[in-house]
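Undergrad: Sharing a structure below in structure tokens format, with a few things to ask.
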Amino acid sequence: MSIQLINLFKKFNEEEFEQQIKACNVIYNNTAEEFVLEPLKTIEELGKKVIDNSKLYYYTEDKWMFYIKCKEHKIPTPETILLTNNLSMVRAELKEFGRWPVIIKRIYGTCGQYVERADNLKEALVIVKRFWAKDCDKIPFIAQEFIKSYSYRVTIINNKIVQTAIKKSNRWKCTGLNSRSCDKFKVSKDLKQIINKTMQVVKINICGIDLLKKGDKWVVLEVNSDPGLDFIQSEEKKMIGKVLDFIKLYYYAHVTKKKRK
């Protein structure tokens, strides 16, 4: 079993890409950027196994759909509303929501992009207009209650918790990129139940769950496919090893088993 690296950041050549894919039995995607969706769907059309499939990206990386799933399955999550693309309507929606400060987010985004905090309605409308100016297609935005908390990351591989990390920052936004440090934390029985319920909903093999503390209660903020493995630098190689071990298990379970049949 060998590994072939495919760089999606270079100029895309369809014929070269297809040849690379055909030489592989299992494809693991390790970027959560939006542009990866089309290559992923191409891989699936070629009949190859993908960790994880494109459908999961649509629903997991869509922050509004994730909120809906959390509410449906009674998973604690920040209160959220979907904003329209009409400024007058946005003003009315935010007034009715009435939670200040409020977080304005695009439904898709990584590493804290298109995520800002507004202390009042005037600031919120300025943020929305600025986002729209950057994003001419007006991808939908949500407004979400602000919960003052560090960000607590739980990394999951094959439904097992393999790492915890507290993302700390002097700022309100704790993405991990601007964190001072990442210490570990213990997973309580109550939190384990929330994590298990979340995994039953998202059905992702490798992911990172971001949580907040609202008082003494845990709240699930979002689930990230293709999570960063370097929050605790001393464990990065070990985490990469765990991912590779799972890919091997997946290969033997889904590829060699199929061939034997």
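Undergrad: Can you tell me the order of 118-125, 2-9 when each peptide is scored by its average per-residue count of other Cβ atoms within 10 angstrom, highest first?
TA: Going from most to least packed, we get 118-125, 2-9.
Undergrad: Roughly how many nanometres apart are two label points built 7 Å out from the Cα toward the Cβ at Glu18 and Asn170?
TA: 5.4 nm
Undergrad: Pop the C-beta distance of Lys122 and Tyr251 into the FRET formula with R0 = 41 Å and round what comes out to the nearest 0.05.
TA: The value I calculate is 0.15.
Undergrad: Evaluate Rg over Rh across the range 79-145, taking Cα atoms for both radii and Kirkwood's formula for Rh.
TA: That ratio equals 0.91.
Undergrad: Just the number, please: Stokes-Einstein D of the range 138-261 in µm²/s, Kirkwood Rh from C-alpha pairs, 4 °C, 1.567 mPa s.
TA: 81 µm²/s
Undergrad: Each label point is 7 Å from the Cα along the Cα-to-Cβ direction; what then is the distance between the points at Glu45 and Ile3, in nm?
TA: Taking the two extended label points, one gets 2.9 nm.
Undergrad: About the Cα centre, and with charges only on the beta carbon of Lys, Arg (+1) and Asp, Glu (-1), how big is the dipole of the chain? Nearest 20 debye, please.
TA: I would put it at about 940 debye.
Undergrad: Once you have the Cα-Cα distance between Glu34 and Gln113, take 0.36 nm times their residue separation minus that, and quote the gain in nm to one decimal.
TA: Using 0.36 nm per residue and subtracting the Cα-Cα distance, I get 27.2 nm.
Undergrad: While we're looking at this one, here's another question. Counting other Cβ atoms within 10 Å of each Cβ, which GluC sites (Glu not before Pro) in the range 31-91 have at most 15 and sit in a DSSP loop?
TA: Glu33, Glu79
Undergrad: Further question: Run the quick spin-label model on Lys55 and Ile240: label points 7 Å from Cα toward the beta carbon, then report their separation in nm to one decimal.
TA: It works out to 3.3 nm between the two label points.
Undergrad: Let me ask something else about it. Amide H of Tyr150: which non-local residues (sequence gap of 5 or more, or other chain) have their own amide H closer than 5 Å, using H built in the peptide plane?
TA: Correct list: Lys213.
Undergrad: Additional query: If you rank Ser54, Ser225, Ser88 by fewest surrounding Cβ atoms within 10 Å, what's the result?
TA: Final ranking by Cβ density, sparse to dense: Ser88, Ser54, Ser225.
Undergrad: Related question: Report, as a whole number in µm² per second, the diffusion coefficient that Stokes-Einstein gives for the chain at 20 °C and 1.002 mPa s using the Kirkwood radius over alpha carbon pairs.
TA: Calculated translational D: 108 µm²/s.
Undergrad: Something else now. Using per-residue counts of other Cβ atoms within 10 Å, averaged over each peptide, order 184-193, 89-98, 20-29 from highest down.
TA: Output ranking for 184-193, 89-98, 20-29: 20-29, 89-98, 184-193.
Undergrad: Here is a further query. For a Förster distance of 35 Å, can you work out the FRET efficiency between the beta-carbons of Val26 and Lys148, rounded to the nearest 0.05?
TA: 0.25
Undergrad: To continue, here is another question. Distance cut-off 27 Å, Cα to Cα: go down the list Lys49/Lys238; Lys105/Lys237; Lys11/Lys69; Lys167/Lys203 and report the pairs above it.
TA: Result: Lys105/Lys237; Lys11/Lys69 exceed 27 Å.
Throughout, read-outs are computed from the coordinates displayed, never taken from laboratory work. What you see is a predicted model; the values in this text were computed from it and never measured. Note that we place each Cβ from the backbone using ideal geometry, even for glycine, and neighbour counts take in every protein chain shown.
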